[in-house]
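Novice: Quick one: the structure is below, questions incoming.
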Amino acid sequence: MTVLTVIAGMSLLAWLWLLAGQGGFWRTDVRLPRATAARPDGEPRRWPSVAVVVPARDEAEVLGVSLPSLLAQDYPGRAEVFLVDDGSTDGTGELAGELHERYGGLPLTVSSPGEPPPGWTGKLWAVRHGITLAGERFAPEFLLLTDADIAHRPDSLRELAAAAVDAELDMVSLMARLRVETGWERLIVPAFVYFFAQLYPFRWINRPRSRTAAAAGGCVLIRASAVAAAQVPDAIRQSVIDDVALARAVKRSGGRIWLGLADRVDSVRPYPDLGELWHMVSRSAYAQLRHNPALLAGTVLGLALIYLVPPAAALGGALTASWSLCGLGAAAWAVMAATYLPMLRYYAQPLWLAPTLPYTAALYLLMTLDSARDHYRGRGAAWKGRTYPRPDTSA
């Protein structure tokens, strides 16, 4: 029992350190600034030209909501949309043209780059094609890289550009508000963003001298000059977790980046059951660990210590009348739940879900193990009919 009490104490100490020393990861107030992101009249001195690049593969289910929101952007400067059809079989490209005819709005170009060559992920090959098309058309000052399942409020591009221009940022990224409607989405989705922020605290990312770098691939506004300086997407062409790789490349090349939670950008992709949510996480979880067995083992032990020990100690201590064990476990569990409350409020979810975070963390642990199993069975990271092997790092 003494050993168990020590482990419970270590878990509590870990939570106290996370609470105070992990960049305030649990806070949800890192939002796109308004009063300081533009002049007092809310307008930058000049609106830069922007090319909106949308890689899309079999997105007909969601494109009817997302694409009209881009075409309807209220943007005073020049902006054009380039939808890159990445080998869709569901009529995504044709639907895009029909939506433009129906709704009008910003100019739209629909094109397809063909199958990606060896060493490229499909999304990054499509992004490269879209960037090339935009450069041939009008040499934009900024690129808005946004996924085909992301819907933007009418002033989204205006606010992003104003923030980038006023703060002299090279890249501004927003973590889109994911859909939370079903029971499984309520259990899994807020925790997904919570865990991401714990790994990559937004405040650390936004410090110019910090080495922490990450972005949210669904919504990235980036200067064309920063794209050239970082040599992206070519430099990250094999990356499955391309948003983090993009942010690292830009920051390494001297660019200033910013990441926050979105108020005007929403994901419209549904994840109605556990199977689809499981695949969303497991397809890239082991890639996040660089396919390293030692990192996998450390992650499993870390998740167990931080998320599973507190409820086990609290309940086990209560059942065995070991009150020191129970008290340490309950205290760690309480700190954990308290840090989760802001994310639940952001997603307008019941606060009683906070104590269930250990159960959700256990699911994520299993998803990570499943991702590693798929990798060693030769499946790699799979997405819409494509499977990507471990990147070749010998070059």
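Novice: Can you tell me the dipole magnitude for segment 50-270 around its Cα centre, using point charges on the Cβ only (Lys, Arg +1; Asp, Glu -1), in Debye to the nearest 20? Provide the component values of the computation, followed by the final result.
Specialist: Numbers: 23 positive and 28 negative charges, 244 e Å.
It comes to approximately 1180 debye.
Novice: Given labels modelled 7 Å from the Cα in the Cβ direction, how far is it in nm from Leu19 to Leu315?
Specialist: Using points 7 Å along Cα→Cβ, the separation is 2.3 nm.
Novice: Considering the options Phe138, Leu160, Ala214, tell which one lies farthest towards the positive end of the dipole of segment 50-270, charges being +1 on Lys and Arg and -1 on Asp and Glu at the Cβ, about the Cα centre.
Specialist: Going by the Cα projections, it comes out as Ala214.
Novice: Cβ neighbours within 10 Å, averaged per peptide: list 172-183, 66-77 in order, most packed at the top. Walk me through the intermediate numbers first.
Specialist: On the way: 172-183: 20.7, 66-77: 18.9.
Answer by packing, highest mean first, reads 172-183, 66-77.
Novice: According to the square roots a ≥ b ≥ c of the eigenvalues of the Cα gyration tensor, what is the shape class of the chain, taking rounded for a/c under 1.5, prolate for a/b larger than b/c otherwise, and oblate for the remainder? Walk me through the numbers on the way to the answer.
Specialist: Numbers: a/c = 1.94, a/b = 1.64, b/c = 1.19.
Since a/c reaches 1.5 and a/b is larger than b/c, the shape of the chain is classed as prolate.
Novice: Related question: Just to verify a number: FRET efficiency for Asp273 and Leu366, C-beta to C-beta distance, R0 = 25 Å, to 0.05? Can you show the working numbers first?
Specialist: Details: r = 16 Å, r/R0 = 0.63.
Once rounded, the FRET efficiency stands at 0.95.
Novice: Something else: Out of all DSSP beta bridges in the chain, what portion is antiparallel? Express it as a percent rounded to 5.
Specialist: Values: 14 of 36 bridges.
DSSP beta bridges in the chain are roughly 40 percent antiparallel.
Novice: How high is the relative contact order of segment 87-181? Use alpha-carbon pairs under 8 Å, at least six apart in sequence, and give a whole percent. Numbers along the way, then the final one.
Specialist: Numbers: 27 pairs, mean separation 13.5, N = 95.
Reported relative contact order: 14 percent.
Novice: Oh, and also: Provide the FRET efficiency to the nearest 0.05 for the Ala235-Arg78 pair, computing r from the beta carbons and using R0 = 35 Å. Please list the in-between numbers first.
Specialist: Numbers: r = 28 Å, r/R0 = 0.79.
That gives a FRET efficiency of 0.80.
Novice: Roughly how tilted is helix 156-166, in degrees to the nearest 10 and between 0 and 90, from the longest Cα axis of the chain?
Specialist: 90 degrees
Novice: Further, regarding this structure: For segment 186-242, state which trypsin sites (Lys or Arg not before Pro) are in a DSSP loop and have at most 13 other beta carbons lying within 10 Å of their beta carbon. Please list the in-between numbers first.
Specialist: Details: sites: Arg186, Arg203, Arg209, Arg211, Arg223, Arg237; in loops: Arg209, Arg211, Arg237.
Passing sites in segment 186-242 are Arg209, Arg211.
Novice: What distance in nm lies between label points placed 7 Å from Cα along the C-beta direction at Glu115 and Met10?
Specialist: 5.0 nm
Novice: I've got another one for you. For the residue pair Arg373 and Arg345, what label-to-label distance in nm results when each label sits 7 Å from Cα along the Cα-to-beta-carbon direction?
Specialist: Rounded to a tenth, the inter-label distance reads 3.9 nm.
Novice: Using only helices, what value at 222 nm comes out for the chain when you add -39,500 (n - 2.57) per DSSP H run of length 4 or more and divide by the total residues, to the nearest 500 deg cm²/dmol? Show your work: numbers first, answer last.
Specialist: Details: 14 runs with 191 residues, N = 395.
Helices in the chain give a 222 nm mean residue ellipticity of -15500 deg cm²/dmol.
Novice: What list do you get for Thr320, Thr146, Thr339, Thr5 if you sort them by fewest beta carbons within 10 Å? Before the final figure, lay out each step's value.
Specialist: Working: Thr320 12, Thr146 28, Thr339 21, Thr5 18.
The most exposed by this proxy come first: Thr320, Thr5, Thr339, Thr146.
Values quoted throughout were computed directly from the atomic coordinates according to the rules given, and no laboratory measurement underlies them. Every value quoted in this text rests on a predicted model; they were computed, and no experiment measured them. All Cβ positions, even for glycine, are placed from backbone atoms using ideal geometry, and neighbour counts span all protein chains on display.
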